[in-house]
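Read the structure below first, then the notes.
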Amino acid sequence: MLADQCQDFGHCLVVMFLLCVFDLVYSGDGVLAFQEPSAVLLDRFGSWSQQIESHSDLSMRLIAWLKILQTLTSRGGGMGLFSETLFSLFPAYGGPLPSLKAPQGHQPDLSTHLYQVFCAPVFDFYFRVQVLSGEIAQLTHYHRSRTTGADQAEVVELVTHIKSRLHNLWESRPATQRQTSEELREQLAPKLADSFISLVGICNAAYHTEFVEMDRVLGDPVSKWTDSRASIDEIRRIVDNECALADAAEPKGLNPGYLRPLFLVAIECMDREQNRWAVDRIAQIRDPIYRAKFFSEFARELSAAQMRKERRVTSKYFSIWHFGVPPPYM
């Protein structure tokens with residue numbers, strides 16, 4: 001496919017996305033598909049990325065999701081799906097991401113159309129949070145030297161800059177994302193309100209999770225709270241609100257979008273009651289693809305080890321030592 005210069009690279013991008021999803025779900029010890037990209041892929045991707053005006057809405061959305069997947073697989077000691085060389089070729093689009101149009105001949109109903117209109121700016125917010133999350137992941141000792149005072153000082157400076165950008169992003173979030181669940185229910189039809197409130201909850205929790213992550217990245221004593229204390233409390237409020245909205249005891253369980261926020265609450269709170277709450281909530285995620293049973297036990301055991309030692313314990317190496325395997329992507 002890549003060798004055929006007449007083949008639209010947008011089609012190749014779809015195949016790349018599918019291969020990445022496979023690598024994400026069935027992660028193992030082998031080399032990931034795009035960690036060692038071929039010369040022809042680098043050439044085709046580089047040429048295509050310079051022609052931004054010709055990129056379809058679908059291609060732009062796929063690039064956004066591939067960037068999110070790169071962030072996801074770079075956390076916790078992961079090396080990412082893409083090599084640095086290939087990822088550096090990814091285009092950066094200005095402005096909000098375009099929404100996908102319905103297939104020809106398929107006109108969405110009004111509620112679906114309204115949901116898409118409301119979701120577009122919220123997804124754009126989520127995407128930008130994940131881009132910053134990827135930068136945070138690169139500050140860990142897995143990806144850069146953290147052995148000297150100068151190393152640590154540089155990381156502190158970079159974290160301060162990322163925090164400022166996160167705060168600016170939060171201040172510019174869409175108006176619908178600023179409203180409470182009660183306000184949204186008063187203004188929207190029940191079917192639309194419930195779905196949208198759930199989406200906003202996931203995006204807001206993702207934002208607050210980055211402040212918890214940054215405290216862990218800095219490695220300061222766990223008793224030295226910064227923004228993360230308030231963020232942990234806010235994540236708990238959001239998740240409890242989600243559970244009140246839809247009974248998590250139902251077969252569908254809790255939305256998997258809360259897995260990472262809950263895991264970080266569990267291992268950073270250093271409080272037995274708070275840890276028990278987060279571990280129990282993780283266990284309410286029913287979809288087996290997210291491995292909630294493993295992560296609930298992982299969070300409980302890692303937190304217990306940290307409380308015994310009264311310091312943070314490296315999550316990846318603890319997983320290898322305790323479970324015999326590195327943690328799956330989260």
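A few comments on the model shown:
- When segment 232-243 is filtered for residues that are modelled with pLDDT under 95 and touching a Ser or Thr at 6+ places or on another chain (Cβ under 9 Å), the ones remaining, listed by number, are Asn241, Glu242.
- The set of residues in segment 278-292 that are in contact with an Asp or Glu (Cβ under 9 Å, 6 or more places away or on another chain) and either assigned to a loop (DSSP other than H, G, I, E, B) or aromatic (Phe, Trp, Tyr) (or both) contains only Arg286.
- Of the candidates Met307, Met270, the single residue that is outside any helix (DSSP H, G or I) and either surrounded by fewer than 22 Cβ atoms within 10 Å (Cβ to Cβ) or polar (S, T, N, Q) (or both) is Met270.
- Per this entry, Leu32 is counted among residues that are modelled with pLDDT under 85, surrounded by 15 or more Cβ atoms within 10 Å (Cβ to Cβ) and assigned to a loop (DSSP other than H, G, I, E, B).
- Of the criteria (1) farther than 20 Å from Pro261 by Cβ; (2) in contact with a Lys or Arg (Cβ under 8 Å, 6 or more places away or on another chain), which one Ser133 fails: (1)
- Checking each residue in segment 88-112 for being out of contact with any helix residue (DSSP H, G or I) (no Cβ under 6 Å at 6 or more places or on another chain) and part of a helix (DSSP H, G or I) picks out Leu110, Thr112.
- Of the residues Phe318, Phe263, Phe295, the single one that is assigned to a helix (DSSP H, G or I), touching a Phe, Trp or Tyr at 6+ places or on another chain (Cβ under 7 Å) and more than 18 Å from Cys203 (Cβ to Cβ) is Phe295.
- In segment 179-194, the residues that are among the hydroxyl-bearing types (Ser, Thr, Tyr) and not in a helix (DSSP H, G or I): Thr180
The values are calculated or read from the model by the stated rules, or taken from the named source; none is laboratory data. A quick note: this is a predicted structure, and the numbers were derived from the prediction, not measured. Here the Cβ is made from the backbone with ideal geometry for all residues, glycine too, and neighbour counts use every protein chain on show.
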